[in-house]
1. Listed residues Asn317, Asn272, Asn301; which is farther than 15 Å from Arg112 by Cα and polar (S, T, N, Q)?
2. When only residues in segment 197-218 that are in contact with a helix residue (DSSP H, G or I) (Cβ under 7 Å, 6 or more places away or on another chain) and modelled with pLDDT of 95 or more count, which is nearest to Asp159 (Cα to Cα)?
3. Before we move on, is Lys188 in the same structural domain as Leu275 (by TED's automatic domain parsing), surrounded by fewer than 21 Cβ atoms within 10 Å (Cβ to Cβ) and either assigned to a helix (DSSP H, G or I) or within 16 Å of the ligand (Cβ to nearest atom) (or both)?
4. If I filter segment 230-241 for residues that are surrounded by fewer than 21 Cβ atoms within 10 Å (Cβ to Cβ) and touching a residue at least 60 places away in the same chain (Cβ under 8 Å), do I get at least one hit?
5. For residues that are more than 14 Å from the ligand (Cβ to nearest atom), farther than 16 Å from Leu323 by Cβ and β-branched (Val, Ile, Thr), tally how many sit in segment 94-121.
6. Phe165 - would you say it is in contact (Cβ under 8 Å) with a residue 12 or more places away in the chain, of a type in the set (Phe, Trp, Tyr) and not in a strand (DSSP E or B)?
7. Here is a check on your reading of the model: is Lys213 basic (Lys, Arg) and more than 26 Å from Arg286 (Cβ to Cβ)?
8. Are there strands (runs of 3 or more DSSP E) fully within segment 8-111 with at least 1 residues that are free of Cβ contacts under 8 Å to residues at least 60 places away in the same chain? List them.
Amino acid sequence: MKILAIESSCDETSAAVVEGREVLSNIIATQIAEHKIYGGVVPEIASRRHTEAISAVCDEALDSAGITYNDIDAIAVTFAPGLIGALLVGVNFAKGLALSLGVPLIPVHHLRSHIAANYIAHKELKPPFLCLLVSGGNTVIAEVTDYTTFKILGGTKDDAAGECFDKTARCMGLSYPGGVTLDKIATKSDFNKYPLPYPKSNGEYDFSFSGLKTAVINTIHNAHQKNEEIDVPVLAATVRERVCDMLIDNTFKAAENLGYTKIAVAGGVSANSELRKRMAEECEKRGLELYYPPLSLCGDNAAMVGAQAIFEFENGNTAGQDLNATATLPIDYR
Ligand code: KG4
């Protein structure tokens, strides 16, 4: 079954042709250069750029797969969660395509598709497993009990991990997308130079990142008031260390308590070099299997939407022309 998948939840317009776990094409038009001058994604600009790009991106996905619209068996689209105006572009385009081609329309939850990036990279990976989902807008630990059944164990009570990286990076004067830049310039030299807190949350597997963000902002302001230079590579490394501490502690606590031997990491922040390294070390120490996507599939892309779509379709999850975009929706929605 050949699926044309569409993703437009934030600042990447992407279309892919996917057949099972095989990716026949995956085209991504990124808007990073445009949002960079504002230091973050401007939702209205994102929606407009999706509108301009989506038709050509879909055409290119088909060309690159060597097929035409007539060879497509279904259309899949990210419908939630994300920037509402941005999502609406993809959803409406997908509805039009499904109607005109007379093929099923498959709505895909954005976080489920981030997990499915792992199915593309690891053909042998099957639920059940535990997943740490870390992106710009979400931080969740979930049990993936089946391809379309999820149980949320915990999540952030305030900012997402990616948001914490992006905002603290911005305060350090690093360019957007901050998480990526912060990861590149972070050095490990001296973790005691800037003693940052380890914010705790009440829930057993929950996270809190806003206290860490505030501590970094205060550290920078205090230094400025005293006319002191901030050692940005060291501060960046300390933030990265704290975020990783929290993500890793909760993930392995959940794995141990619930007896999981397979752990997957997904979402944009799964590209973080320190997180990947420490997760791998910890899994090796405990004899657990670790899965994460290749860097090319960590960020938003349509191939992962197509990879999840086949399971949604097999589970009877198709939509009609009344499909709407939704800005917030938990991964375990029914
Ligand atoms: O999953 P994603 O592409 O978009 C959302 O669905 O949110 O995640 C984007 C987030 C941004 O916050 C970005 O800074 C972060 O992922 N990110 C990273 C790295 N690469 C991307 N954060 C830390 N280290 C990285 N290497």
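The values are calculated or read from the model by the stated rules, or taken from the named source; none is laboratory data. Computed from a predicted model, the values in this text were never measured in an experiment. FYI the Cβ positions are ideal-geometry reconstructions off the backbone, even for glycines, and counts take in every protein chain you see.
1. On the way: Asn317 fails: farther than 15 Å from Arg112 by Cα; Asn301 fails: farther than 15 Å from Arg112 by Cα.
So the residue among Asn317, Asn272, Asn301 that is farther than 15 Å from Arg112 by Cα and polar (S, T, N, Q) is Asn272.
2. Checked segment 197-218; the qualifying residue nearest to Asp159 (Cα to Cα) is Phe209.
3. Working: in the same structural domain as Leu275 (by TED's automatic domain parsing): yes; surrounded by fewer than 21 Cβ atoms within 10 Å (Cβ to Cβ): yes; either assigned to a helix (DSSP H, G or I) or within 16 Å of the ligand (Cβ to nearest atom) (or both): yes.
The answer is yes for Lys188.
4. The initial filter retains those residues of segment 230-241 that are surrounded by fewer than 21 Cβ atoms within 10 Å (Cβ to Cβ), namely 230-234, 241.
Imposing the further condition that a residue be touching a residue at least 60 places away in the same chain (Cβ under 8 Å) reduces the set to 232.
Yes: one or more hits.
5. Total satisfying the criteria: 1.
6. Values: in contact (Cβ under 8 Å) with a residue 12 or more places away in the chain: yes; of a type in the set (Phe, Trp, Tyr): yes; not in a strand (DSSP E or B): yes.
So Phe165 fits the description; yes.
7. Working: basic (Lys, Arg): yes; more than 26 Å from Arg286 (Cβ to Cβ): yes.
So Lys213 fits the description; yes.
8. On the way: elements: 12-19, 22-30, 74-80, 105-109.
Of the strands (runs of 3 or more DSSP E) lying wholly inside segment 8-111, those with at least 1 residues that are free of Cβ contacts under 8 Å to residues at least 60 places away in the same chain span 12-19, 22-30.
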